[in-house]
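**Student:** I am attaching a structure below and will ask some questions about it afterwards.
Just so it is clear, none of the values below were taken in a lab; they were calculated from the coordinates. All figures in this text were calculated on a predicted structure; none of them were measured in a lab. Counting neighbours? That spans all protein chains shown, and the Cβs are built from the backbone with ideal geometry, glycine included.
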Amino acid sequence: MTAKRGVFLAGFALAATSGTSALAQTPISPAALERTVLEDYCVSCHNDSRLTGGLSLERIDLSRLAANAEDSEVWEKVVRKLRTRAMPPPGRQRPSEQEYESVATCVETVLDAAAAAAPNPGRRPAVHRLNRAEYTNAIRDLFALEVDGTVLLGSARDVEFKTLHDPERMPGQRSMTLDWPCVEGLRLDEARHPLTTLATGVYGQDLPNQNGAPIRLVVPWQYGSKSIKSIVSMTFMEQEPDCTWKRAAPNEYGFYANVNPEVDHPRWSQAQEWRLGEPGRRETLLFNGYVDQVAGLYAGMDLRVNY
Ligand code: HEC
């Protein structure tokens with residue numbers, strides 16, 4: 001949070017209560033942050049008169065959730081949009097990563113507390129957030145992957161993926177070109193981004209072996225090496241995973257691997273690309289053209305250092 005925002009929030013908390021000077025020392029309440037983010041980034045569309053998407057966030061009040069249980073549904077929707085970074089729509093001014101995280105966490109905490117205080121087993125939303133045990137089981141049932149649900153997301157910052165190591169069936173792994181098995185990783189906010197996909201098929205068919213069967217990652221704004229194939233494990237980590245290509249050639253391949261025409265590979269320019277089937281070269285677009293969707297993930301970072 002910037003100092004400027006902090007000052008503004010303190011002022012907001014003060015105005016929203018009674019305005020006595022003792023309150024100037026009151027810590028900023030999470031509810032004030034949540035309200036300010038909605039005001040700054042959402043209410044221009046979701047207000048009582050416009051009702052964009054059939055939704056007004058003008059009056060909704062997190063601190064009164066216990067009294068207005070019917071609001072939980074709206075807050076659940078808001079959390080989903082914040083967690084997936086799906087709102088505001090692309091091209092609109094967006095909250096910072098820290099604001100997204102703090103507000104989503106704050107709303108989830110209040111929702112969880114409200115649900116625990118007044119369990120309502122008779123009615124369940126069609127989509128709900130999985131708890132850790134449910135998440136672990138779902139990943140195991142869907143993908144036959146064991147993930148450790150107890151450590152999930154607590155203080156994790158990154159997720160590490162590993163490829164199957166089986167030189168019998170994958171003869172390329174008999175060569176010493178790389179230190180097998182392949183390891184790749186993403187920051188959790190990159191991994192949670194809606195453009196990041198775990199793929200099991202291509203063109204409506206199951207993935208062929210050479211495309212990374214049975215399950216692979218697709219990160220469309222980063223170089224191909226990040227889209228690790230034939231994944232057998234996912235581990236949540238507090239520090240940056242030790243990625244194979246970065247280990248093999250750290251001056252050439254960084255952790256971020258963002259498609260970036262302005263940062264040359266030490267041995268060649270990355271300003272142009274040649275697409276299969278096209279006669280000539282074309283200019284490479286920053287983040288492969290997904291600037292509107294993903295630039296926010298790297299706000300404030302020096303992309304020449306974090307290449
Ligand atoms: C530029 C206008 C605009 C802004 C700003 C905006 N939204 Fe939206 N929002 C829309 C539109 C249009 C829809 C309906 C289409 C859709 O769901 O994508 C929508 C839909 C939604 C929905 C789903 C409503 C439902 O009943 O399914 C939620 C929740 C939501 N927005 C939350 C937010 C939040 C939270 C913010 C601020 C962080 C935000 N929106 C900012 C335009 C906006």
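**Student:** Show the residues, 5+ positions off or on another chain, whose built amide H is closer than 5 Å to the amide H of residue 265.
**Tutor:** It is 270, by chain and number.
**Student:** Additional query: Which distance in nm do the two modelled labels at residue 178 and residue 44 give, with both placed 7 Å along the Cα-to-Cβ direction?
**Tutor:** 4.3
**Student:** So, one more: Can you list the residues, at least 5 places off or on another chain, whose amide H is less than 5 Å from the amide H of residue 202, using H built in the peptide plane?
**Tutor:** 207
**Student:** Per residue of region 218-228, what does 6.51 cos²θ - 1.76 cosθ + 1.60 with θ = phi - 60° give for ³J(HN,Hα)? Whole Hz please, x for Gly and Pro, Karplus curve as stated.
**Tutor:** With the stated coefficients, region 218-228 comes to 10, 10, x, 9, 10, 4, x, 4, 6, 7, 5 Hz.
**Student:** Output ³J(HN,Hα) for region 92-100: one whole-Hz value per residue in order, computed from phi by the Karplus curve 6.51 cos²θ - 1.76 cosθ + 1.60 with θ = phi - 60°, and x for Gly and Pro.
**Tutor:** Values per residue, Gly and Pro as x: 8, 4, 10, x, 6, 4, 5, 5, 3 Hz.
**Student:** Reported to two decimal places, what Rg/Rh ratio describes region 236-307 when computed on Cα atoms with Rh from the Kirkwood expression?
**Tutor:** 1.01
**Student:** For region 132-298, what is the convex hull (Cα atoms) projected area averaged across all directions, in square nanometres?
**Tutor:** For the Cα atoms of region 132-298, the hull's average projected area reads 11.5 nm².
**Student:** Continuing with this model, one more query. At a Förster distance of 30 Å, what's the computed FRET efficiency of residue 169 paired with residue 137, Cβ-Cβ distance as r, to 0.05?
**Tutor:** 0.60
**Student:** Also, quick follow-up: Starting at the first residue of region 271-286, write each ³J(HN,Hα) from the Karplus equation 6.51 cos²θ - 1.76 cosθ + 1.60 with θ = phi - 60°, in whole Hz, x for Gly and Pro.
**Tutor:** Values per residue, Gly and Pro as x: 6, 10, 9, 10, 8, 4, x, 9, x, x, 8, 10, 5, 7, 9, 4 Hz.
**Student:** Suppose R0 equals 45 Å. What FRET efficiency, 1/(1 + (r/R0)^6) with r the Cβ-Cβ distance, do residue 242 and residue 74 give to the nearest 0.05?
**Tutor:** 0.60
**Student:** Modelled label-to-label distance, residue 195 and residue 274, 7 Å Cα→beta-carbon offset: nm?
**Tutor:** Roughly 2.5 nm, to one decimal.
**Student:** Please pull out the direction-averaged projected area of region 43-84, using the convex hull of its alpha-carbon atoms, in nm² to one decimal place.
**Tutor:** 3.2
**Student:** Mind giving me the nanometre distance, one decimal, between the label points for residue 211 and residue 291, set 7 Å out from Cα along Cα→Cβ?
**Tutor:** So the label points at residue 211 and residue 291 sit 3.1 nm apart.
**Student:** Using amide H atoms built 1.01 Å from N in the peptide plane, name the residues 5+ places from residue 185, or on other chains, whose amide H lies under 5 Å from its own.
**Tutor:** Distant-sequence amide H within range of residue 185: 161.
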